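Structure record follows, encoded as structure tokens.
The values are calculated or read from the model by the stated rules, or taken from the named source; none is laboratory data. Note that this is a predicted model, so its numbers are computed, not measured. Counting neighbours? That spans all protein chains shown, and the Cβs are built from the backbone with ideal geometry, glycine included. These accessible areas exclude ligands, DNA and RNA; they are computed on the full protein's heavy atoms, side chains included. Shrake-Rupley method; radii C 1.70, N 1.55, O 1.52, S 1.80 Å.
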Amino acid sequence: LAQLNVLAQSAGKLYFGTATDNPELTNTTYVAQLSNTLDFHQLTAANSMKWDATEPSRGTFTFSGGDAIVAQAQKNNQLIRGHNCVWHNQLPSWVTSGNFNNATLLSIVETHCSTLVSHYKGKIRDWDVINEPFNDDGTFRQSVFFTTTGTSYISTALRAARAADPQAKLYINDFNIEATGAKATAMVNLVKQLQAEGVPIDGIGLQSHFIVGEVPTTLQQSMQNFVNLGLEVAITELDIRMTLPETPALLAQQAKDYTTVIQACKNVQRCVGVTLWDWTDKFSWVPGTFAGQGGACPWDENFAKKPAYNGIVAGWSQ
Ligand code: G3I
């Protein structure tokens with residue numbers, strides 16, 4: 001069967017999957033395809049496990065949104081990637097404006113990660129424990145976490161997650177590490193430092209928000225560089241956007257680009273799976289963020305397959 005997860009598993013991968021979000025679960029046509037396990041064997045909550053959703057005020061945890069995504073996945077025996085424990089975005093203001101000192105902020109990070117990961121213990125295969133720690137030049141992002149604790153927040157979060165669910169694979173997830181270069185090298189060096197300190201780390205997530213015609217030629221090499229450190233890798237947020245309107249030429253190039261990404265994962269044995277950052281243009285984050293751009297997903301706004309779908313098929317098959 002030429003369907004995305006069937007082919008991914010035939011290629012030795014654990015899953016092909018997609019992000020989804022709670023408001024989308026009210027659309028029955030959408031949910032029917034989301035539940036099609038021939039295409040999708042893995043779900044990620046695009047928003048509802050983030051800090052603003054799960055600990056909106058200090059020590060008060062709300063898991064209803066994340067629980068609904070987990071329940072949706074479990075109906076179809078789909079794997080779940082947890083997204084995420086610590087990120088500079090979508091933080092509640094009590095974290096960003098709290099002026100906490102080092103020890104207090106580390107304890108806040110530990111409590112957040114520990115409580116979040118514990119809540120989903122045994123239900124989630126992988127956690128993006130740390131999301132987007134770097135600037136594009138490879139320096140550490142000046143988030144409230146880094147400016148207050150240096151890199152200590154990273155080891156604190158990873159240790160808390162390991163203790164909370166020893167079976168979960170712990171990831172650091174970022175964008176613009178898909179090409180070799182300063183940012184990917186910084187990630188390699190961070191992993192080496194964590195390993196030297198005995199901090200648990202199992203995987204690197206390459207978000208892979210690409211632009212048509214601009215998939216990095218060093219994607220496979222960059223994945224291999226992380227694998228060479230003893231880690232697994234995953235393509236965690238794949239989409240390939242274009243300047244609208246869609247044209248036959250752009251759609252054809254997009255299909256080729258999807259093929260290129262899938263083949264890179266196929267060729268790296270410890271690339272465990274690929275996740276779309278939603279499968280339909282109807283619910284893509286792209287037009288809301290990049291004016292005039294979109295069309296990034298393999299299905300269009302009316303849930304019809306685009307050439308990109310067959311591009312993914314070709315990537316797993318060739
Ligand atoms: O929840 C509010 C809703 O109450 C309000 O009516 C509405 C009006 O704008 O906004 C809603 O919040 C939006 C939220 O998504 C939930 O839909 C935010 O404005 C919007 O900014 C937010 O965007 C999310 C974005 O992360 C935030 O940075 C996207 O859905 C989500 O797909 C995106 O995902 C990120 C990954 O986590 C990390 N990597 C990049 C990726 C794409 O930006």
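Scanning the range 57-72 for residues that are within 16 Å of the ligand (Cβ to nearest atom), open to solvent by 10 Å² or more (accessible area, probe 1.4 Å) and of a type in the set (Gly, Ala, Ser) yields a count of 3. For the range 261-275, give me the residue count where each residue is under 14 Å from Pro298 (Cα atoms) and either open to solvent by 50 Å² or more (accessible area, probe 1.4 Å) or in a helix (DSSP H, G or I) (or both). Matching residues across the range 261-275 total 2.
The set of residues from the range 161-200 being assigned to a helix (DSSP H, G or I) and basic (Lys, Arg) comprises Arg162, Lys183, Lys192.
Please go through the range 73-95 and give me each residue that is within 16 Å of the ligand (Cβ to nearest atom) and part of a strand (DSSP E or B), ordered by number. Matches in the range 73-95: Ile80, Arg81, Gly82, His83, Asn84, Cys85, Val86.
For every residue, the table says whether it meets (1) within 16 Å of the ligand (Cβ to nearest atom); (2) open to solvent by less than 30 Å² (accessible area, probe 1.4 Å).
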{"residue": "Asn173", "(1), (2)": "yes, yes"}
{"residue": "Ala179", "(1), (2)": "no, no"}
{"residue": "Thr185", "(1), (2)": "no, no"}
{"residue": "Val188", "(1), (2)": "no, yes"}
{"residue": "Val191", "(1), (2)": "no, yes"}
{"residue": "Ala196", "(1), (2)": "no, no"}
{"residue": "Val199", "(1), (2)": "no, yes"}
{"residue": "Gln207", "(1), (2)": "yes, yes"}
{"residue": "Val212", "(1), (2)": "no, yes"}
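Among the residues of this structure, Leu7 counts as one that is farther than 17 Å from Arg81 by Cβ and touching a helix residue (DSSP H, G or I) at 6+ places or on another chain (Cβ under 6 Å).
Please enumerate the residues belonging to the range 4-33 that are under 21 Å from Val272 (Cβ atoms) and assigned to a helix (DSSP H, G or I). Passing the criteria: Leu4, Asn5, Val6, Leu7, Ala8, Gln9, Ser10. Could you check, for the range 47-56, whether at least one of its residues is open to solvent by 30 Å² or more (accessible area, probe 1.4 Å), within 13 Å of the ligand (Cβ to nearest atom), among the hydrophobic types (A, V, I, L, M, F, W, C) and closer than 25 Å to Val109 by Cα? Yes: the range 47-56 contains one or more residues that are open to solvent by 30 Å² or more (accessible area, probe 1.4 Å), within 13 Å of the ligand (Cβ to nearest atom), among the hydrophobic types (A, V, I, L, M, F, W, C) and closer than 25 Å to Val109 by Cα.
State whether one or more residues within the range 21-28 are away from the ligand (no atom under 16 Å from the Cβ) and not basic (Lys, Arg). Working first, answer last.
Step one: of the range 21-28, the residues away from the ligand (no atom under 16 Å from the Cβ) are 28.
Filter again for not basic (Lys, Arg), leaving 28.
Within the range 21-28, one or more residues are away from the ligand (no atom under 16 Å from the Cβ) and not basic (Lys, Arg).
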